[in-house]
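A.B. asks: Dropping the structure in here first, questions after.
The values are calculated or read from the model by the stated rules, or taken from the named source; none is laboratory data. This structure is a prediction, so every number in the text was calculated from the model and none was measured. When we count neighbours, we look across all protein chains shown, and the Cβ atoms used for this are built from the backbone with ideal geometry, even at glycine.
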Amino acid sequence: DSIDIANPVRTQAILNQYGLHAKKKFGQNFLTDSRILDEIVAAAEVGPDDVVIEIGPGIGALTEQLAKRAKQVLAFEIDPEMVKVLSETLAPYDNIEVLEKDILEVDLKAILAEKFGAGQAVKIVANLPYYITTPILTKLLEAGLDWENIVVMMQKEVAERLAAQPGSKQYGVLTIMVDYFAKAELAIKVPSSSFNPSPKVDSAVVKLTPTKPEIPVEDPNQLFKLVKGCFAHRRKSLWNNLKQICVRNDADKEKVEQVLAELAINPGIRAERLSLKEMTELYQALAKASL
Ligand code: SAM
């Protein structure tokens, strides 16, 4: 049996063999700790019926562990040099497909429909490139996929935002989006020594498990558009942000004032005070008032 990729000596040997260094611009920090990989795969409960999406396979440490347990792994990697390495490191596995693509540019829903048929449930597992953690999570949540869970490594600062309480510094658009779809838990704390090279920030693996929102809306992305608008200038009042998004004339102004009064929301507060439920009520009331 060959040695797993996630091993400090083998990881360095692979990088040396290909004359590669971890690239900062792609957020490359390779996991070399097999214990952490086992915990990630266990948290995602990956089994033989699962289709798993991985973002940023790197040299394949996590991909390999996923492939050993899943039916199929589909991985997106932006760096052509990694894709070349993967074609060799992952050669022993016939249930992995690597697409050389920028995850932020792909139409995930269309690709999944093409590869597995429309509506295929997936698990999403990744050691994310930290420079784009928030855009990736946003994209995953807005893509309208049928996901069974999302288990992803990120910097601790972002992990803390996912389950933040209204009114706290960490609370924001991402918190509300996550709250709409899921329960977020801190699954694993990961020391910097588990990577080559060691990231300069603390890391954590977060697990998102789908939940039903208290107030479902027809198009959650429309709700999120309002939320983003309300947080556009975080330190300004809710009213000042709403003015930018939906007030074109005096009649609109009156309508918005009335909506806020009916919901007993003080226009002078900041958006960070509003829970998902309150945001959703605001969204529905504005829509009803054709704003
Ligand atoms: N999964 C590997 C591991 O755990 O050792 C590597 C993780 S590393 C933190 C992040 C990976 O994401 C790198 O391989 C990097 O090249 C890749 N990546 C960065 N930006 C990306 C993007 N926009 N789309 C797809 N992959 C990206």
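A.B. asks: Quick check: is even one residue across the range 175-182 surrounded by fewer than 16 Cβ atoms within 10 Å (Cβ to Cβ), at negative phi and not small (Gly, Ala, Ser)?
C.D. replies: No: the range 175-182 contains no residue that is surrounded by fewer than 16 Cβ atoms within 10 Å (Cβ to Cβ), at negative phi and not small (Gly, Ala, Ser).
A.B. asks: Okay, moving on. State which residue is surrounded by the most Cβ atoms within 10 Å (Cβ to Cβ) when the search covers only the range 67-97 and only residues that are within 10 Å of the ligand (Cβ to nearest atom) and under 20 Å from the mean Cα position of the chain (by Cα).
C.D. replies: 75
A.B. asks: May I ask you to list the residues in the range 19-35 that are of a type in the set (S, T, N, Q) and touching a Ser or Thr at 6+ places or on another chain (Cβ under 6 Å)?
C.D. replies: Matches in the range 19-35: 32 only.
A.B. asks: Got a number for residues in the range 17-28 being surrounded by fewer than 16 Cβ atoms within 10 Å (Cβ to Cβ) and either among the hydroxyl-bearing types (Ser, Thr, Tyr) or more than 8 Å from the ligand (Cβ to nearest atom) (or both)?
C.D. replies: Total satisfying the criteria: 6.
A.B. asks: A further question on this structure: What helices (runs of 4 or more DSSP H) lie completely within the range 201-291 and have 1 or more residues being among the acidic types (Asp, Glu) and over 30 Å from residue 128 (Cβ atoms)?
C.D. replies: 250-262, 276-288
A.B. asks: What single numbered condition from (1) of a type outside the set (Gly, Ala, Ser); (2) more than 8 Å from the ligand (Cβ to nearest atom); (3) more than 18 Å from the chain's Cα centre (by Cα) fails to hold for residue 31?
C.D. replies: (2)
A.B. asks: Among what's in the range 183-197 and is surrounded by 13 or more Cβ atoms within 10 Å (Cβ to Cβ) and among the hydroxyl-bearing types (Ser, Thr, Tyr), pick the residue that is nearest to the ligand (Cβ to nearest atom).
C.D. replies: 194
A.B. asks: Output the residues belonging to the range 150-161 that are over 14 Å from residue 179 (Cα atoms) and either free of Cβ contacts under 8 Å to residues at least 12 places away in the same chain or assigned to a strand (DSSP E or B) (or both).
C.D. replies: 151, 152, 153, 154, 155
A.B. asks: Something else now. Only one of (1) surrounded by 14 or more Cβ atoms within 10 Å (Cβ to Cβ); (2) within 16 Å of the ligand (Cβ to nearest atom); (3) in contact (Cβ under 8 Å) with a residue 60 or more places away in the chain fails for residue 204. Which number is that?
C.D. replies: (3)
A.B. asks: Here is a follow-up. Sort out which residues of the range 118-137 are over 15 Å from residue 28 (Cβ atoms), surrounded by fewer than 18 Cβ atoms within 10 Å (Cβ to Cβ) and within 15 Å of the ligand (Cβ to nearest atom), and write them in order of number.
C.D. replies: Once the filter is applied, which keeps residues that are over 15 Å from residue 28 (Cβ atoms), surrounded by fewer than 18 Cβ atoms within 10 Å (Cβ to Cβ) and within 15 Å of the ligand (Cβ to nearest atom), the range 118-137 yields 134, 135.
A.B. asks: Condition first: among the aliphatic types (A, V, I, L, M), at pLDDT 95 or above and more than 16 Å from the ligand (Cβ to nearest atom). Can you find one or more residues in the range 160-167 that meet it?
C.D. replies: For the range 160-167, residues among the aliphatic types (A, V, I, L, M), at pLDDT 95 or above and more than 16 Å from the ligand (Cβ to nearest atom): present.
A.B. asks: Would you mind stating whether residue 63 is within 11 Å of the ligand (Cβ to nearest atom), free of Cβ contacts under 8 Å to residues at least 60 places away in the same chain and either crowded, with 18+ Cβ neighbours inside 10 Å or of a type in the set (A, V, I, L, M) (or both)?
C.D. replies: Judged against the criteria, residue 63 is a match.
A.B. asks: Follow-up. So which residues in the range 44-60 are near the ligand (Cβ under 10 Å from one of its atoms) and closer than 19 Å to residue 111 by Cα, if there are any at all?
C.D. replies: The answer is 54, 55, 56, 57.
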